[in-house]
There are 2 protein chains.
Amino acid sequence: METKIAVLASGAGSNFKALVEGDTGPGRVDILLTDNENAGALELAAELGVESKYLYPGKYRTRFGIKEEKIWAEFLLDRGVGLVCLAGLMRIIKGPLLDAFQGRMMNIHPSLLPAFPGLDAQGQALNYGVKIAGCTVHYVDSGTDTGPIILQNSVPVFESDQRDSLAERILVKEHRIYSQAVKAHCLGRAVYSRVVR
Amino acid sequence: METKIAVLASGAGSNFKALVEGDTGPGRVDILLTDNENAGALELAAELGVESKYLYPGKYRTRFGIKEEKIWAEFLLDRGVGLVCLAGLMRIIKGPLLDAFQGRMMNIHPSLLPAFPGLDAQGQALNYGVKIAGCTVHYVDSGTDTGPIILQNSVPVFESDQRDSLAERILVKEHRIYSQAVKAHCLGRAVYSRVVR
């Protein structure tokens, strides 16, 4: 059975594109939803022939308004969305949206979690001096990049690397594992299990 | 010019063996030093034809006595040791020994640091559910597994993995990167740089 996927993005949407074009098995990207009227992902959606929609997120900068988060959740549920994929959504999800899609919402993060959660993971990795970096697809829970891991992939860090060269190398792997993780989920092969900490 | 290496171990000493048998460039394992009269590494040293010595570490269980740590440092300095390699030394180094060998003391840790510092890194990794694990050779600073990274290597984690199967897979990589890191250091190719945090 097909799973309807909603991709939530605030920016350019390169991972959105990867999900539309990649092999997601019985999952199919149904709509792009954004909290940013100027998101590059909106243009990309038009090019890719995917429906897209801007929904007002509320007056806060880094989280949803309570009322607005309910509206987002209801919109997605009404549409029959079975899986929510965050792809550069610059907003914390903690309320009704998380409750509605717990275990059915995933995110991609440009580090080998649990190392370097939060903003600018690639810069954090370079500053720390790691020799192996990577990316992680994980289910979303109420923490920052703390949810159960579905897939990871690694890349080498070179001495000559700047933030952008490292980010670019990681992004290639992001595009690959995001659709793989979505496929695994939609086939029932990804397990949502609590993380012991 | 040859660099005299002292390996400090409390246990079986498999990384000690890897350093003796591996290609460490201009570095040569000069002595095995242990805080444990029953360390398996003592037998191993005899088999490998490497000098070994037990030195009393003081009455504490997880750190050196202040007087004893001075004695360890003086012993190593008097012997002309240029590089100290920790290989399963079950004791924190914070005092005179660290001061004497700062930037000339390295450790190997069975995780992709900064993830999973401290005890049972492999068990921590399994509990967290990471899909990629690994090991790290780093210079020792006063923190727990926080020093500048020299080399890392990664391994996949399989769904069927138990702690021991994962630890074994990581250990193979440990043996490989420890001698590589020592070689890089002894050739002046490893950089001791402060970590930004």
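The values are calculated or read from the model by the stated rules, or taken from the named source; none is laboratory data. This structure is a prediction, so every number in the text was calculated from the model and none was measured. Using ideal geometry, Cβ is built from the backbone for each residue, glycine included, and neighbour counts are taken over all protein chains shown. Accessible surface is based on the protein model in full, side chains and every heavy atom, while ligands, DNA and RNA are left aside. Shrake-Rupley method; radii C 1.70, N 1.55, O 1.52, S 1.80 Å.
Summary table
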| quantity | calculated |
| --- | --- |
| Filtered residue count, the stretch B:27-42, keeping only those that are within 26 Å of B:Lys183 (Cβ to Cβ) and of a type in the set (D, E, K, R) | 2 |
| Residue among B:Glu37, B:Glu51 that is farther than 30 Å from B:Arg189 by Cβ and open to solvent by 30 Å² or more (accessible area, probe 1.4 Å) | B:Glu37 |
| The one condition in (1) farther than 16 Å from A:Ser179 by Cα; (2) at pLDDT 95 or above; (3) assigned to a loop (DSSP other than H, G, I, E, B) that A:Glu47 fails to fulfil | (3) |
| Which listed residue is open to solvent by less than 20 Å² (accessible area, probe 1.4 Å), of a type in the set (Gly, Ala, Ser) and out of contact with any helix residue (DSSP H, G or I) (no Cβ under 6 Å at 6 or more places or on another chain), from A:Ala73, A:Ala121, A:Ala133, A:Ala87 | A:Ala121 |
| So B:Ile93, is it in contact (Cβ under 8 Å) with a residue 24 or more places away in the chain, within 10 Å of chain A (Cβ to nearest Cβ) and out of contact with any Leu (no Cβ under 7 Å at 6 or more places or on another chain) | no |
| Index of the failed condition, B:Arg63 passing every other in (1) closer than 25 Å to B:Ile177 by Cβ; (2) open to solvent by 90 Å² or more (accessible area, probe 1.4 Å); (3) without any contact (Cβ under 8 Å) to a residue 40 or more places away in the chain; (4) under 19 Å from the mean Cα position of the chain (by Cα) | (1) |
| Residue in the stretch A:12-19 that is of a type in the set (Gly, Ala, Ser), buried (at least 17 other Cβ atoms within 10 Å of the Cβ), part of a strand (DSSP E or B) and out of contact with any Phe, Trp or Tyr (no Cβ under 9 Å at 6 or more places or on another chain) present | no |
| Check on B:Met90, modelled with pLDDT under 95 and within 22 Å of B:Ser10 (Cα to Cα) | yes |
| Among the residues listed as A:Ser160, A:Ser142, the single one being open to solvent by 10 Å² or more (accessible area, probe 1.4 Å), of a type in the set (S, T, N, Q), farther than 16 Å from B:Ala115 by Cα and within 14 Å of chain B (Cβ to nearest Cβ) | A:Ser160 |
| Flag for A:Val191 being of a type outside the set (Gly, Ala, Ser), within 21 Å of B:Pro114 (Cα to Cα), within 14 Å of chain B (Cβ to nearest Cβ) and more than 14 Å from the chain's Cα centre (by Cα) | no |
| Test: residue in the stretch A:102-125 that is over 21 Å from B:Leu126 (Cα atoms) and in contact with a Gly (Cβ under 7 Å, 6 or more places away or on another chain) | yes |
| Of all residues making up the stretch B:96-111, the number that are open to solvent by less than 20 Å² (accessible area, probe 1.4 Å) and not in a helix (DSSP H, G or I) | 6 |
| Flag if A:Val155 is within 11 Å of another protein chain (Cβ to nearest Cβ) and more than 14 Å from the chain's Cα centre (by Cα) | yes |
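Here's the yes/no breakdown for (1) surrounded by fewer than 21 Cβ atoms within 10 Å (Cβ to Cβ); (2) in contact with a helix residue (DSSP H, G or I) (Cβ under 8 Å, 6 or more places away or on another chain); (3) touching a residue at least 24 places away in the same chain (Cβ under 8 Å); (4) not in a strand (DSSP E or B):
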position	(1), (2), (3), (4)
B:Gly147	no, no, yes, yes
B:Ser165	yes, no, no, yes
B:Glu168	yes, no, no, yes
B:Val172	yes, no, no, yes
B:Tyr178	no, yes, yes, yes
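A quick yes/no check of all residues on (1) among the polar types (S, T, N, Q); (2) touching a Ser or Thr at 6+ places or on another chain (Cβ under 6 Å); (3) within 8 Å of another protein chain (Cβ to nearest Cβ):
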position	(1), (2), (3)
B:Ala100	no, no, no
B:Asp120	no, no, no
B:Tyr128	no, no, yes
B:Ile132	no, yes, yes
